[in-house]
Structures are given as structure tokens and as C-alpha cells.
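Notes follow once the structure below has been shown.
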Amino acid sequence: MGIIELSKVTVRRGRSQVLDSWSVSIDSGEVVCLSGDNGCGKSTVIETAAGLVSMEKGSSEISGQLIRDSEGRRGRTKFGLCLQDDCIMGDELVGERILDAAGCDFDVSSLLKTWGLGHRIHDRVAMLSGGQRRRVAILSGLVPAMVSSEPVAILLDEPDSGLDDDSVEQLAQTLRDLAAGGHAILVASHNSKIIESADRVIQFPFTETKGDPVKGKFSLLESGVLRKTNIGHRMNLRTLSGVANNGIAGLLTLGAMLAMLNPEQLEGRTLTAFILAPALTAGLCGNSIHRLTLENRAYAWWNTISAIPPNALFHSLITCGAITVLASTVTGDFDVKLIAAGAVLGACTEAIVGLLSHATLRLSRPNAVMVRLLTPILILPWALVVDTLSV
Amino acid sequence: MSIRGEAVALLGLAGAGLTFWLGMTWAPSVSIDAFKAPEAQRIFYWHVPSAWAAMLAFGMLFVGSIFWFFKRSEWAWRLHVASSEAGLATGLMCVWSGCIWGAAEWGVPWDWTDIRLNTFAMLTLLSLYLVLGRRSQPDGVETRDTFAAFGMYGFVLVPFTYIATRLWQIRHPGPVVATSEGSLNSDMGTVLLIGAISFTVLIIGHVMAGMRLTKLELRLEDLQNRYEEESR
């Protein structure tokens, strides 16, 4: 059984069937290149292998672990992935991104130097040129294999696009080196240098030729302790997007209510509603990290790392709690129970709106659907909490 | 043959019109002690049948979503499309008439703490979301799967809406038909029955016409694609 195994997959995209009961198996130490015209299904194969595309029939396995099957079962394991989009949020740091992709600490600066990015290690990815950003995306795909002595699967979708000739040559050589280390590589490309580096070339629609590439030499990068990503909280601290979106909405609600109402005259249910309304508004703005992951289709890459979408739920609890404290202070009614309710209500509301948005990511235009039409249902639990706490 | 859906819908619409007329002019007035706004109670003959029709549409939406998602049936997708539109139309009729009645009877058109009101409004918003969302996306398996999933999960609200007034009666009244109390006058029951039948016919016609229209839209799209391929 190969490291990368697609078994009898049937995949529909849009209104056409792209793959029909198609299988491929890539063994340890093998580079397989997919080649063919635009729209022939190369990207579909890569994304199906990575578990990003649902299939009508068949299954995808990597290193013996089920990644996805037609029954909807999902699994995750360590593998490298570089899609046609760079899949990196602009606010991620270059060095940090490579470490996140590796899943462990190692000497990232020397690796970046060999790829001409050593001086950019602490820069945000948004500050890089297109070619530099592409190199970071490629390294994110390659590094899980570079730090592993065990065979790791690498999936690369047109990694050469936007690269200069020297970089393409370096990439082709790196693929051979990784293959020498026993890693299995599936790459989609039109580039002759990448095609020449492959042991097998699958020309769509499905004629297979054997290649005769030169042998590479694998040198393992010494890795340290495993690394926790916590990408959502890290991004939120760096961008303050939770405060800028959710927090400001809550503050504006409080300000608008203060303009219309005298908090000293409020009592009972109205007073409780006044204190809890800003947290609800903050929550209704949704998961601020979700919006960041829409950049360059970063959500797809992170989806292969974890089933839980990037979020900053702990920060949301703090933000919504702080807004509720502020509303309580304004009214002079300082109740710990209310503050805790505001924090939890706001964070839960934010998580639910985030999940609703996340559910639309398969659509070709996820930003065009008005998922907020469904959010009024969240007023019901809020109103019931207000009723309960004001008794 | 091909206009059967529209004909059925027209028949239902005529019945709905008759119900409205009977409800407003013929049905007996309710006791002045039982309601704060007895005349507004006549909205009941429009409100309840439209709620019934909306529930039928949401049921069909669920069936269409399930059969598309698990069986990839083209008819099921057409049913999903047509019933979401029908659910939106009848759901809005029910919510709108309920707000008018509520404003007269309760003094407020809406209560955010009433579970029946909110879950029903949510179902109507789900239909609106499905109708608008689908129009914003190119047709394809990704679009269909996503909206079918929303249609399936959204159906969870239907039993909630049904039992809401039985378990947590907050403001919306409980059931008045087929209960042990039997509180509905026979003439009132007759008008309500005509309404329920008319709205059922209306919704069936609406869905039939909608399914045919969707089939024609998809055929047109196929022909456009074929034309583009042949002209290359």
C-alpha cells in the first residue's frame, strides 16, 4: 500500500464529473507528476488527496490514515500541502508559518537562507513579493518531510507558478532529495524541470509514462519539541481584529443605548437587557479570525491541520466580559453573574456565527451568501437568559 | 399537461381568496371576553392555514434536501428549490399576519422570548437564505450540497416549532384544533378547513410549478454550455 492512496474516487465539481472511479498509489521514495491542460482535473486530484473535496465514491488515505471517504468520514495525519493559492494569511510571520507547518521547533533561519528568505524571517507574509510568498507556501508544503525521518506525503499543486528559473530548479532538486529520504510526492505541474524530476508522469486524461530522474540526497533537519499552533489567538493578538470588529460593535451598541436611555432609570428586565445587549452585538459580528482565513484561501490549508477552524474563543470571552463589565459600570449594577453570562453569551454567539460562516466555505462564492440572515435565532437564547436573570 | 402546476396553484389561490372572504364576512365573531381585539381574530383564518402550508413546504424542503444529499436525485434538488420558495412565500404570509394580529391582541407585534414565534420566523429566514444564497452561486454539486445541508439541519426547528406552545407557552396560544378541549365553533372549523385545503392545494401547485421552472432553467443552462462548446 502506498503512502498516498486514492482508491476509486469519483468527484464532481460544479456540474461536471472530473474523476470517475480513478485510483492512484504513490509509494515511499516516489515522485509522481500530474500534467495536462488547464481544467483537466489536476488540482481536483491534489485537493481530493488532501481531503478538501468531497467525493461521490472512493476514499483517500495518507500514510495508512483515512483522510476522507465518500461516506463523509474524515481523518487527519501529518503531510505537506501547497495548493495553487498560497493559503497563507497576510498577518502570519514567515518563520512562524514554516514552524507551524513543520509542527515542531527547528533551525528555521538556515532553511530560509537557502531559499533566499533568511532576511524576511520576522516579516509578515503580506509584506513579501508574489514570488517570495510562493516560496513560503512551497516550504510550508515541503517542511513536514524535511524534518521527518519517517516517510511523509507531500502534495503540491503547481508549486512552480510565479517562481523564477533558479527557484524552479531548486524546487526540482529538493523534490529528488526528499524522495531519496523515502518521502512520497504528488505534484501537479506543466513545468518541464518538475516533470523531469518525476519517477512517473500521469498525463491527463490518464496516460502514464515512467521518468528517469537523477537521484537526490536527503539530509534530515534536526527538529526539537513539538509545537502548539494556537493560530487563532496568535493572529488575534497581532491584528486585534477581535477588538476592532466585535469589541467596537459592542461599544457602539452601548453608546447608542446611552444616547437614548438613562441607565439610572432602568430596572428589572430592561436593566438586564441593557447590560447584556453589547455582548450579544459583539458576538453577532462573528469569528473575526474566520475573516482573516478567507485571505488566499488560508482556511483550506488550516483545515488539513485541525478539524476545529482557527478561532480566538478565549479572547472572545475576555472581550465580551469586558464589554459587559463596562455596561454594568455605567448602570451601577455590578453583578458577577451577569458579567459571566455576558462573556459566555457573547463568545457562544460568536462561535455559532463563525460555524455558520464556516459551513459555506465549499461554495464558489462564500462571501456572497447572506449567512447573517440566520442569526436572528440567536436573539431567542439571549432574550431567555435576560428573562431568567432579571427575575 | 405542462401548465398543471400553475393551474393547481390558481385553484388553491382561489380557495385562499374564498377563505379570506369567508373569514372576514361569514365566520362568527368571537366572544368579546376571550380576546382583547375580537375583530382582529379574523386574521386567524389566513394565519393558521398559511402556517400549515409553510410547514408542508418545510417538510418538502427536508425531503428534497435529504434525497439530493444522499441519493443525488435531480428531482430532489428541484423539490428543494421549489419548496424553499414556497416556504418563503407562505412563511412570510404567516409571520406578517401574525405580527398584525399580535399588535392588536398583545399590544406588541413580536416577542423575542416566545419560542414558537422565533423558531417559525427562523424557518422563514432559512427559506429566504436558501432562495437568496442559491441565486448568488453558480449551480453545481458544491452549491447543492451546502444548501441541502442547511435544509436538513434547519428542519430540526420544525418539531421545535410544533411542540413549542405545548411545552413552553409564553405568548403564542396553544393548539385549538384536535385537542381534548374542542374549543373551536363548527362554522369556524369549516372556514379553517376550507383554508387548510386551499392552502394545501396552493402549496402543491406552487411546488409543481417551481419544479418545472427549475427543470427548464437547468435545461437552458445545459443548452448554453453545449452551444459554447460547439462554437469553440
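Per residue of A:350-359, what is the mean number of Cβ atoms on other protein chains within 10 angstrom of that residue's Cβ? Don't skip to the end; give the middle numbers.
Working: counts 0, 0, 0, 0, 0, 0, 2, 0, 0, 4.
Averaged over the peptide's residues, the number is 1.
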Highest mean first, how do B:187-193, A:2-8, A:184-190 rank when packing is the count of other Cβ atoms within 10 Å averaged over residues?
A:184-190, A:2-8, B:187-193
Phi-based couplings in Hz for segment A:81-91 (Karplus 6.51, -1.76, 1.60; Gly and Pro marked x)
9, 9, 8, 4, 6, 5, 6, 10, 5, x, 8
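Quick check on packing: order A:272-280, A:299-307, B:5-13 by the mean number of other C-beta atoms within 10 Å, highest mean leading. Walk me through the intermediate numbers first.
Working: A:272-280: 25.7, A:299-307: 18.7, B:5-13: 17.1.
Highest to lowest by the protection proxy: A:272-280, A:299-307, B:5-13.
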Residue among A:LEU186, A:ASN38, B:ALA14 farthest towards the positive dipole end of the protein assembly as shown, charges placed on Cβ
B:ALA14
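Averaging sequence separations of C-alpha pairs under 8 Å and six or more residues apart, then dividing by the length of chain B, give the relative contact order as a whole percent. If you can, show how the numbers build up before the last one.
Details: 310 pairs, mean separation 83.5, N = 232.
That works out to 36 percent.
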antiparallel share of DSSP beta bridges within the protein assembly as shown, to nearest 5, in %, is 60
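Taking 8 Å as the Cα distance limit and 6 or more residues as the minimum spacing, I'd like the relative contact order of chain A as a percentage.
Working: 776 pairs, mean separation 64.4, N = 391.
In percent, rounded to a whole number, it is 16.
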Tell me the angle of helix B:141-154 to the major Cα principal axis of chain B, expressed in degrees between 0 and 90 and rounded to the nearest ten.
20
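In the neighborhood of A:ALA198, defined by Cβ-to-Cβ distances under 12 Å, what is the net charge if each Lys or Arg adds +1 and each Asp or Glu adds -1? Walk me through the numbers on the way to the answer.
Numbers: positive: A:ARG176, A:LYS193, A:ARG200, A:LYS210; negative: A:GLU30, A:GLU196, A:ASP199, A:GLU208, A:ASP212.
Spelling it out: positives minus negatives among the neighbours equals -1.
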Ranked by GNM mean-square fluctuation in chain B (Cα springs under 10 Å), the top entry among B:ILE204, B:ILE32, B:ILE115 is B:ILE32
Under 16 Å Cα to Cα from A:LYS8, which aspartates and glutamates show up? Leave out anything in the same chain fewer than 8 places away.
A:ASP20, A:GLU47, A:GLU56, A:GLU61, A:ASP69, A:GLU71
Over segment A:4-226, what is the relative contact order in percent, taking alpha-carbon pairs closer than 8 angstrom and at least six residues apart?
26
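Within chain A, which complete DSSP H helices have Cα atoms spanning at least 20 Å along the helix axis and a mean Kyte-Doolittle hydropathy of 0.0 or higher? Numbers along the way, then the final one.
Details: long enough: A:130-146 (24 Å, 0.32); A:165-180 (23 Å, -0.38); A:268-284 (24 Å, 1.22); A:313-331 (27 Å, 1.56); A:336-358 (33 Å, 1.52).
Sorted by number, the helices that extend far enough and score high enough are A:130-146, A:268-284, A:313-331, A:336-358.
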Inter-chain shielding metric for B:124-136, i.e. average beta-carbon neighbours from other chains within 10 angstrom, reads 4
If you average the alpha carbon positions of segment A:351-391 and of segment A:30-73, how far apart do those two centres end up, in angstrom?
32
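What does the average come to when, for each residue of peptide A:373-386, you count the partner chain Cβ atoms lying within 10 Å of its Cβ?
The shielding value for this peptide is 5.
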If packing is taken as the average number of other Cβ atoms within 10 Å across a peptide's residues, how do A:194-206, B:217-229, A:106-118 rank, most packed first?
A:194-206, A:106-118, B:217-229
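What's the local net charge at B:ARG78, with K and R +1, D and E -1, over the other residues with C-beta under 10 Å away? Write out the running numbers ahead of the final one.
On the way: positive: B:ARG212, B:LYS215; negative: B:GLU74, B:GLU217.
Once positives and negatives cancel, what remains is 0.
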Dipole magnitude (debye, nearest 20) for the protein assembly as shown, charges at Cβ of Lys, Arg, Asp, Glu
600
Enumerate by residue number the trypsin sites (Lys or Arg not before Pro) in segment B:26-71 meeting two conditions: DSSP loop (anything except H, G, I, E, B), and at most 14 other Cβ atoms within 10 Å of the site's Cβ.
B:LYS36
To the nearest 10 degrees, how steeply does helix B:74-105 sit against the main Cα axis of chain B, on a 0 to 90 scale?
30
Any chance you could give the angle, 0 to 90 degrees and rounded to 10, that helix B:44-71 forms with the longest Cα principal axis of chain B?
30
Net charge contributed by nearby residues that have their C-beta within less than 15 Å of A:ALA102 (K/R +1, D/E -1):
-3
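In the structure displayed, which of A:LYS113/A:LYS193; A:LYS57/B:LYS71; A:LYS42/A:LYS210 lie more than 21 Å apart, Cα to Cα?
Details: A:LYS113/A:LYS193 23 Å; A:LYS57/B:LYS71 12 Å; A:LYS42/A:LYS210 18 Å.
Among A:LYS113/A:LYS193; A:LYS57/B:LYS71; A:LYS42/A:LYS210, the Cα-Cα distance tops 21 Å for A:LYS113/A:LYS193.
Just so you know, all these numbers are worked out from the coordinates, no wet-lab data involved. Since we're looking at a predicted model, the values are computed, not measured. With ideal geometry, Cβ positions are generated from the backbone for all residues, glycine too; neighbour counts draw on all protein chains shown.
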